[in-house]
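I have placed the structure first, in the form of structure tokens, so that the comments after it can refer back to it.
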Amino acid sequence: MRRVELFFSFRSPYSYLAGPRAFALPERHGIELVFRGVIPMAMRGQAVPRAKQLHTMRDVKREAMRLGMPFGPVHDPIGDGAMRCLLIGEHAVDVGREREFVLGASSAIWAHAVDVARDEPLRAVCERAGLEWKSCREALEDPALRARVEDNTEALLALGHWGVPVFDLRGELFWGQDRIEDLEIALRDERNHP
């Protein structure tokens, strides 16, 4: 089966915008989508200028409207919130619920201002995604899951990228939520001309 890796950050509003279309790719194109959650840029020591942050929020609002997705109110998950979502995202991969968790957590952060750094709101997100809270709490302390998150982040950097979302189709990279259409063209071409 063809495979596409999705490098994703819960702190990236562009990852949020890409999520529903990314997770529709397996059904639309008969591929395996591999979720690879990465540590946010700001938690890796990469500063984003204030002007860029403001431009990003305006741009995302415009794109969200175009895509028919809600945007705002927002609760920035930087720090514990982002890391908790990454660790539970890896657990969700292990139990086959990554789509539900990633889409649910992203929507909670970017459209409902849910503070995922706190147990009670995060528990609600997890349970709506079909995850057992006890297992999610254990995932937060699992060094193997933390190592996977770090490996995902290193893999993104090894590809020469720092921002997300990035889609990797056999070494061909598609950077940005606005490149999903290009990825779909490549998937169709690959299927039609193996």
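The values are calculated or read from the model by the stated rules, or taken from the named source; none is laboratory data. These numbers come from a predicted model, not from an experiment. Because the Cβ atoms are built from the backbone with ideal geometry, glycine has one as well, and the counts that use them run over all protein chains shown. Only protein heavy atoms, including side chains, enter the accessible area calculation; ligands, DNA and RNA are left aside. Shrake-Rupley method; radii C 1.70, N 1.55, O 1.52, S 1.80 Å.
Screening segment 141-151 for residues that are assigned to a helix (DSSP H, G or I) and free of Cβ contacts under 8 Å to residues at least 12 places away in the same chain and picking the one that is least open to solvent (accessible area, probe 1.4 Å) gives 147. Quick one: how many residues across segment 159-169 are open to solvent by less than 90 Å² (accessible area, probe 1.4 Å) and either within 14 Å of residue 86 (Cα to Cα) or hydrophobic (A, V, I, L, M, F, W, C) (or both)? Summing the residues that are open to solvent by less than 90 Å² (accessible area, probe 1.4 Å) and either within 14 Å of residue 86 (Cα to Cα) or hydrophobic (A, V, I, L, M, F, W, C) (or both) in segment 159-169 gives 5. Counted as qualifying within segment 62-129 are the helices (runs of 4 or more DSSP H) with 1 or more residues that are among the hydrophobic types (A, V, I, L, M, F, W, C) and surrounded by fewer than 17 Cβ atoms within 10 Å (Cβ to Cβ), namely 98-112, 119-128. Among the candidates 144, 139, the residue that is farther than 19 Å from residue 3 by Cα and in contact with an Asp or Glu (Cβ under 8 Å, 6 or more places away or on another chain) is uniquely 139.
In the set (1) farther than 25 Å from residue 25 by Cα; (2) surrounded by 14 or more Cβ atoms within 10 Å (Cβ to Cβ); (3) more than 16 Å from the chain's Cα centre (by Cα), residue 55 fails one condition alone, (2).
Criterion applied to 154, 138, 172 was being farther than 19 Å from residue 15 by Cα, among the acidic types (Asp, Glu) and open to solvent by 90 Å² or more (accessible area, probe 1.4 Å), and the one residue passing it is 138. Of the numbered criteria (1) of a type in the set (Asp, Glu); (2) under 23 Å from residue 72 (Cα atoms); (3) in contact with a Leu (Cβ under 8 Å, 6 or more places away or on another chain), the one residue 90 fails is (2).
Scanning segment 175-188 for residues that are in a helix (DSSP H, G or I), out of contact with any Lys or Arg (no Cβ under 8 Å at 6 or more places or on another chain) and either of a type outside the set (D, E, K, R) or crowded, with 18+ Cβ neighbours inside 10 Å (or both) turns up 183, 185, 186.
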